[in-house]
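Participant: The structure is given below, and queries will be raised subsequently.
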Amino acid sequence: MRNILITGGAGFIGSHVVRLFVNKYPDYHIVNLDKLTYAGNLANLKDIETRPNYTFVRADIADLDEMRRVIREYEIDGIIHLAAESHVDRSIKDPFTFARTNVMGTLALLQAAKEYWESLPERYEGKRFYHISTDEVYGALELTHPEGVDAPFSTKASSGQKHEAYGELFFTEETKYNPHSPYSASKASSDHFVRAYHDTYGMPTIVTNCSNNYGPYQFPEKLIPLFINNIRHRKPLPVYGKGENVRDWLYVEDHARAIDTIFHEGRVADTYNIGGFNEWKNIDIIRVIIRTVDRLLGNPEGYSDELITFVTDRLGHDMRYAIDSRKLQRELGWEPSLQFEEGIEKTVRWYLDNQEWMDNITSGDYERYYEEMYKGR
Ligand code: NAD
Ligand code: DAU
């Protein structure tokens with residue numbers, strides 16, 4: 001052991017997972033396979049790209065022959081599958097790309113791994129196919145406590161702060177799938193295929209469902225980096241609807257640590273929820289971002305509040321996601337390490353200190369994409 005294939009390693013979460021594995025496991029060979037779509041960026045991996053235990057392969061997961069070739073050539077025995085189309089707004093405009101990559105791509109990867117592993121004398125022994133999914137497959141929870149109440153459970157990381165919940169229900173590993181957006185429908189479908197490959201062929205699979213991640217290297221179409229960048233350029237901050245939707249935020253390095261733990265110690269055929277125990281209404285998190293950016297840029301308090309612009313809501317906008325990740329805490333001892341205040345401060349500082357990274361992305365096609373996206377709002 002071990003030749004590990006990480007798909008989507010040039011993206012946001014994938015780059016943190018690749019970095020963690022390359023640094024922590026010098027005996028593993030880490031093969032990062034990525035198509036380098038608009039969201040893939042090798043600049044995310046500058047610090048580790050010359051390491052002897054790291055290889056980058058540019059390929060499309062939906063290309064079955066190419067998946068067969070890569071898995072055989074590198075004698076892959078573990079797969080951590082993150083490659084996906086990941087942005088809900090894009091899925092509303094172009095669902096087919098999401099079905100192609102997230103469903104057909106995952107299926108091609110499963111099939112290629114199956115053929116290779118079944119051709120070996122040891123077959124599935126010591127092998128693992130770990131699929132990274134999202135809490136969005138569970139659907140949406142209601143906002144039954146719009147003002148927030150004390151959450152019924154908490155972790156060490158959140159013990160110093162008030163942990164609020166906006167409803168009494170949480171997503172557990174038993175929650176029935178009920179996806180609403182084309183993105184979450186495609187992720188749900190891929191999760192079903194992964195479980196089917198276990199149940200039908202005996203492939204050792206694991207699925208995890210994680211809440212919203214934040215931190216360095218996130219593509220600036222997602223709420224937090226988009227808003228940090230817009231504040232810096234004094235552009236409007238487009239708040240969908242009334243800004244009342246609730247998300248559960250987790251610092252990306254904590255997600256990468258969870259993936260490491262689960263890849264090595266998780267039970268085959270099992271599912272683990274990963275969350276931050278950290279619910280926020282969008283409008284509240286936006287105010288925290290504005291306050292933090294203004295403070296770090298030396299602006300007076302409240303200086304950028306005027307940039308808040310309420311725009312037409314996202315179609316089918318899920319009201320609330322809230323994850324119960326106590327199973328992972330109980331069984332494998334994982335919990336978030338960062339308090340949210342600490343995480344958001346680190347994140348804002350990172351984007352302000354890495355303006356070149358941001359400026360390289362936010363030009364050309366990106367500008368045109370945004371003009372198109374906000375037309376009619
Ligand atoms: P991202 O969009 O930042 O990165 C996706 C990566 O996949 C990119 O590098 C892209 O080039 C690559 N990719 C896309 N299509 C491909 C294809 N056909 N073949 C090969 N590579 C391809 O996404 P992210 O936010 O880092 O999310 C990674 C995974 O985690 C996704 O599966 C997503 O559903 C899941 N997830 C994300 C979050 C979150 O908050 N971002 C939360 C839970 C789960
Ligand atoms: O819950 C996990 C999911 O989190 C992941 O599976 C997805 O890949 C990831 O993109 C994320 O989905 P969201 O739709 O929750 O993230 P996004 O950053 O797009 O939006 C967060 C919230 O902010 C959501 O309620 C929509 C709102 N929003 C977003 C943007 C981009 C705005 O109000 N304005 C915006 O401009």
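Readers should treat all values here as calculations from the given coordinates under stated rules, not as data from a laboratory. Fair warning: this is a prediction, and the values are worked out from it, not measured in the lab. Note: ideal-geometry Cβ built from the backbone for every residue, glycine included; neighbour counts use all protein chains shown.
Participant: With a cut-off of 8 Å between alpha carbons and a minimum separation of six or more residues, what is the relative contact order of the chain in percent?
Facilitator: Answer for the chain is 18 percent.
Participant: Report the full-extension gain for the segment GLU331 to GLU73: residue separation times 0.36 nm, less the Cα-Cα distance, to one decimal in nm.
Facilitator: 89.3 nm
Participant: For labels at ASN299 and ASN178 in the simple 7 Å Cα→Cβ model, what's the distance in nm?
Facilitator: 3.9 nm
Participant: Pop the C-beta distance of PHE96 and ASP359 into the FRET formula with R0 = 35 Å and round what comes out to the nearest 0.05.
Facilitator: Using R0 = 35 Å, I get an efficiency of 0.65.
Participant: Would you work out which of LEU250, VAL149, ILE80 lies farthest towards the positive end of the dipole of the chain, given +1 charges on the beta-carbon of Lys and Arg and -1 on that of Asp and Glu, about the Cα centre?
Facilitator: Going by the Cα projections, it comes out as ILE80.
Participant: If you build a Gaussian network model of the chain, linking Cα atoms that sit under 10 Å apart, which residue out of PHE170, PHE277, PHE310 swings the most?
Facilitator: Judging by the Gaussian network model, the answer is PHE310.
Participant: Right, next: From the backbone phi of segment 219-228, what are the Karplus-calculated ³J(HN,Hα) couplings (6.51 cos²θ - 1.76 cosθ + 1.60, θ = phi - 60°) in whole Hz, Gly and Pro given as x?
Facilitator: Karplus values, whole Hz, x for Gly and Pro: 5, x, 10, 8, 3, 5, x, 4, 6, 4.
Participant: What ³J(HN,Hα) values, in whole Hz, does the Karplus curve 6.51 cos²θ - 1.76 cosθ + 1.60 give for segment 10-24 when θ = phi - 60°, with x put for Gly and Pro?
Facilitator: 8, x, 5, 5, x, 5, 6, 5, 4, 4, 4, 5, 4, 6, 7
Participant: Listed here are the pairs LYS156/LYS176; LYS46/LYS222; LYS35/LYS114; LYS93/LYS176; LYS24/LYS46; LYS93/LYS222; which of them are more than 19 Å apart at the Cα?
Facilitator: LYS156/LYS176; LYS46/LYS222; LYS35/LYS114; LYS93/LYS176
Participant: Mind ordering 349-360, 84-95 by average Cβ neighbours within 10 Å, highest first?
Facilitator: 84-95, 349-360
Participant: Of the residues GLY11, GLY215, GLY202, which exhibits the maximal mean-square fluctuation in a Gaussian network model of the chain defined by a 10 Å Cα contact cut-off?
Facilitator: GLY202
Participant: Step through the residues of segment 182-189 one at a time and calculate ³J(HN,Hα) from phi using the Karplus curve (6.51 cos²θ - 1.76 cosθ + 1.60, θ = phi - 60°), rounding each to whole Hz and writing x for Gly and Pro.
Facilitator: x, 4, 5, 5, 6, 5, 4, 4
Participant: For segment 78-200, what's the relative contact order in percent, using C-alpha pairs closer than 8 Å and at least 6 residues apart?
Facilitator: Relative contact order for segment 78-200 comes out at 38 percent.
Participant: Taking H as built 1.01 Å from N, whose amide H comes closer than 5 Å to the amide H of PHE171, not counting residues under 5 places away?
Facilitator: ALA322, ILE323, ASP324
Participant: May I ask you to list the aspartates and glutamates whose Cα is less than 13 Å away from that of LYS346, ignoring any residue fewer than eight positions away on the same chain?
Facilitator: Partners within reach: GLU253.
Participant: Further question: Kindly list the residues of segment 289-310 that lie in the label zone of HIS317, defined by a backbone N under 15 Å from the point 7 Å along the Cα-to-C-beta vector.
Facilitator: 308-310
Participant: Which cross-chain or sequence-distant (5 or more) residues have an amide H under 5 Å from the amide H of LEU237, H modelled 1.01 Å from N in plane?
Facilitator: ILE308, THR309
Participant: Next question, about the same structure. With just the Cα atoms defining each centre, how far is segment 97-130 from segment 309-364? Give it in Å.
Facilitator: 29 Å
Participant: Pick from LEU64, LEU33, LEU297: which residue has the top mean-square fluctuation in a GNM of the chain where Cα pairs under 10 Å get a spring?
Facilitator: LEU297
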